[in-house]
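Structure first, then comments.
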Amino acid sequence: TTATALSWMAALLARHPEWQERAALEAAALGRDPRTLEDLKKLPVLAAIFQETVRLYPPIWTLSREATQSVELGGQSVQKGDHLVICLATLMRDPRSFDRPDEFLPQRWLPEAGGLMQNGPFLAFSTGPRGCIGKDFSQYESLAVLAVLLRRFRFQPVGNTSLQMEPSFSLRPRGGVRLRAEARAS
């Protein structure tokens with residue numbers, strides 16, 4: 001799932017060079033490759049890019065849950081014991097919760113914009129007692145890998161620039177991601 005998130009991130013950054021350059025400058029400002037959690041905490045732009053990427057393309061794109069009580073949900077009656085399937089790839093693109101929901105807008109996650117949404121439909125890693133135990137590791141690993149890559153390379157799309165989802169166990173880019181990596185000047 002982390003590799004899938006990295007694929008989406010690289011593809012989005014290749015299509016949004018302004019964000020790629022901003023993230024590359026942030027990574028370069030560390031003066032070295034990130035080695036510690038403190039280093040990773042100095043990468044808010046990369047963290048925002050990660051959050052926005054998994055909002056648009058959550059690697060785990062559906063959740064199933066069993067209702068623990070009877071409720072009405074969206075005008076539908078849900079009985080205790082009913083099984084629900086939640087499509088995160090749709091939920092996190094709901095225009096009632098996200099302005100311009102289909103657009104790549106990492107700025108919505110930056111600290112000056114209020115930072116991470118704590119109580120909203122951002123469920124890329126689920127929440128509560130069944131939340132992903134690897135959430136922090138996945139984010140930190142993605143930030144570290146991307147920081148290293150962006151310090152060394154500039155990504156450009158190759159061929160068809162449209163990104164299409166291929167739902168499988170994880171939500172993958174249909175046909176993979178084709179990019180050209182150009183070495184950055186040292």
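Worth a mention:
- Check on Gln76, open to solvent by 20 Å² or more (accessible area, probe 1.4 Å) and not hydrophobic (A, V, I, L, M, F, W, C): yes
- Selected residue (criterion: modelled with the highest pLDDT) from residues of the stretch 175-186 that are among the hydrophobic types (A, V, I, L, M, F, W, C) and open to solvent by 70 Å² or more (accessible area, probe 1.4 Å): Ala183
- Scanning the stretch 55-70 for residues that are over 14 Å from Gln139 (Cβ atoms) and outside any loop (DSSP other than H, G, I, E, B), we see that the one that is most open to solvent (accessible area, probe 1.4 Å) is Glu66.
- As for the stretch 34-54, it holds no residue that is in contact with a Lys or Arg (Cβ under 7 Å, 6 or more places away or on another chain), farther than 23 Å from Arg93 by Cβ, open to solvent by 20 Å² or more (accessible area, probe 1.4 Å) and not polar (S, T, N, Q).
- Lys80 vs. criteria out of contact with any Phe, Trp or Tyr (no Cβ under 6 Å at 6 or more places or on another chain), outside any helix (DSSP H, G or I), under 15 Å from Gln139 (Cβ atoms) and of a type outside the set (Asp, Glu): no
- Contact annotation: residue pairs with Cβ atoms under 7 Å, 6 or more positions apart or on different chains, pairing a residue in the stretch 85-98 that is farther than 10 Å from Pro58 by Cα and of a type in the set (Lys, Arg) with a partner that is open to solvent by 50 Å² or more (accessible area, probe 1.4 Å) and in a loop (DSSP other than H, G, I, E, B), are Arg93/Asp102.
The values are calculated or read from the model by the stated rules, or taken from the named source; none is laboratory data. Every value quoted in this text rests on a predicted model; they were computed, and no experiment measured them. For neighbour counting, all protein chains shown are included, and Cβ atoms are generated from backbone atoms with ideal geometry for every residue, glycine included. Surface areas here come from the heavy atoms of the whole protein model, side chains and all, with no ligands, DNA or RNA. Shrake-Rupley method; radii C 1.70, N 1.55, O 1.52, S 1.80 Å.
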